[in-house]
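The values are calculated or read from the model by the stated rules, or taken from the named source; none is laboratory data. Remember, predicted model here, so these are calculated numbers, not experimental data. Every residue, glycine as well, gets a Cβ built from its backbone with ideal geometry; the counts of neighbours run over all protein chains shown.
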Ligand SMILES: [Zn+2]
């Protein structure tokens, strides 16, 4: 019976998809029936941790692997350099989730790249920026901190042909636990994305360690702004609390749009758009729900050979994202109170009532 209905489904689908594509599609679906249950939960999170003693060797091993893979794409052979990379979590394929911090100030910028490693051009960007900041410490002022997670989805990168999804076939930029996840996520995937496997949001939100890793970066460092590098849509997109709502822009959103404009100006006037966000996306989770201005820099192509020219084009914009005088501008406009009241998660200064 099961076999019969499966045959019927495959038969029907064959009408819509070319014969070979239909076979590949269903072979891929059938493979998923045997994926081991390695989702992240409170019970299993410990098994994804890297102990302090194991951390240096794990980072070293990953960096060596990265050198080999980078060379294959014609990029630098030592992307990590001699930098003090950190990694406290690992993926299901045992790849450490790298991050690094620069500066000790309170004005924090979180920069993410390679969330979707099939988009090749962003992959070297986080590493290059980290090495650049290490060589030019004067770029970070005493009131700033920069956190870079350059390879959010290593499992998707370390396969023959890099994939958008992680090793468990989940798009980690659709897996954040946004308030609309249960209501919309799988429905949108089925209708808008026609069940495209590369955009699968997961069976549950937060089921992927790469998602949990990004959430932890946000929780731990409380960034004032986030920039994530993708490709190939060719624009800068801003996600903030006013997105998709016909309301007047909040002060936070106005400032974030100004930030997107400033980055664009430093990047040869790259196009800025207000693209909608998806259930379970970073822009929705951080920008819409947490009111952290979140910028997506979409490079124009995924052509590995274009990395050098993109680096030259966008380095000034990346540095602008870090140094953009967010708080100072707000103070000048005399709207500090309203601005901070937008940041509901922001810890408020303690007041001594005694
Ligand atoms: Zn992407």
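Which of the residues spanning the stretch 107-134 are within 19 Å of residue 213 (Cα to Cα) and in a loop (DSSP other than H, G, I, E, B)?
Listed by number, the residues that qualify are 114, 115, 116, 117, 122.
Go through the stretch 120-131 and report how many residues are away from the ligand (no atom under 16 Å from the Cβ) and in contact with a helix residue (DSSP H, G or I) (Cβ under 7 Å, 6 or more places away or on another chain). Steps first, answer last, please.
If we filter the stretch 120-131 for residues that are away from the ligand (no atom under 16 Å from the Cβ), which is where we start, we get 127-131.
Cutting the leftovers down to in contact with a helix residue (DSSP H, G or I) (Cβ under 7 Å, 6 or more places away or on another chain) gives us 128-129.
The total comes to 2.
Can you pull out the residues in the stretch 103-115 that are surrounded by 21 or more Cβ atoms within 10 Å (Cβ to Cβ) and either free of Cβ contacts under 8 Å to residues at least 60 places away in the same chain or under 25 Å from residue 47 (Cβ atoms) (or both)?
112, 114, 115
Could you run through the stretch 167-206 and say how many residues are part of a helix (DSSP H, G or I), surrounded by fewer than 16 Cβ atoms within 10 Å (Cβ to Cβ) and either free of Cβ contacts under 8 Å to residues at least 12 places away in the same chain or within 16 Å of the ligand (Cβ to nearest atom) (or both)? Let's see the steps before the verdict.
Start the filter on the stretch 167-206 by keeping residues that are part of a helix (DSSP H, G or I), which leaves 181-191, 197-199.
If we keep only those that are surrounded by fewer than 16 Cβ atoms within 10 Å (Cβ to Cβ) as well, we get 182-183, 187, 190-191, 198.
Those still in the list that are either free of Cβ contacts under 8 Å to residues at least 12 places away in the same chain or within 16 Å of the ligand (Cβ to nearest atom) (or both) too: 187, 190-191, 198.
Number of matching residues: 4.
Name every residue in the stretch 155-176 that is within 24 Å of residue 279 (Cα to Cα) and out of contact with any helix residue (DSSP H, G or I) (no Cβ under 7 Å at 6 or more places or on another chain), in order of residue number.
155, 156, 168, 170
Provide a single number: the residues in the stretch 301-331 that are at pLDDT below 95, assigned to a loop (DSSP other than H, G, I, E, B) and out of contact with any strand residue (DSSP E or B) (no Cβ under 8 Å at 6 or more places or on another chain).
Within the stretch 301-331, residues that are at pLDDT below 95, assigned to a loop (DSSP other than H, G, I, E, B) and out of contact with any strand residue (DSSP E or B) (no Cβ under 8 Å at 6 or more places or on another chain) number 1.
Could you tell me how many of the residues in the stretch 89-119 are within 28 Å of residue 323 (Cβ to Cβ) and more than 16 Å from the ligand (Cβ to nearest atom)?
14
Among the residues in the stretch 68-86, are any touching a strand residue (DSSP E or B) at 6+ places or on another chain (Cβ under 9 Å), part of a strand (DSSP E or B), modelled with pLDDT of 95 or more and away from the ligand (no atom under 16 Å from the Cβ)? It would help to see each step written out before you state the result.
First, the residues of the stretch 68-86 that are touching a strand residue (DSSP E or B) at 6+ places or on another chain (Cβ under 9 Å): 83-86.
Next cut, part of a strand (DSSP E or B) only: 86.
Add one more test, that the residue is modelled with pLDDT of 95 or more, and what stays is 86.
Subsequent filtering for residues that are away from the ligand (no atom under 16 Å from the Cβ) retains 86.
So far as the stretch 68-86 goes, yes, one or more of its residues are touching a strand residue (DSSP E or B) at 6+ places or on another chain (Cβ under 9 Å), part of a strand (DSSP E or B), modelled with pLDDT of 95 or more and away from the ligand (no atom under 16 Å from the Cβ).
Could you tell me which of the residues 246, 223 is surrounded by fewer than 18 Cβ atoms within 10 Å (Cβ to Cβ) and either modelled with pLDDT of 95 or more or part of a loop (DSSP other than H, G, I, E, B) (or both)? Walk me through it before giving the result.
On the way: 223 fails: surrounded by fewer than 18 Cβ atoms within 10 Å (Cβ to Cβ).
Result: 246 is the single residue among 246, 223 that is surrounded by fewer than 18 Cβ atoms within 10 Å (Cβ to Cβ) and either modelled with pLDDT of 95 or more or part of a loop (DSSP other than H, G, I, E, B) (or both).
Only one of (1) part of a loop (DSSP other than H, G, I, E, B); (2) at pLDDT 90 or above fails for residue 350. Which number is that?
Here residue 350 meets the rest and fails (2).
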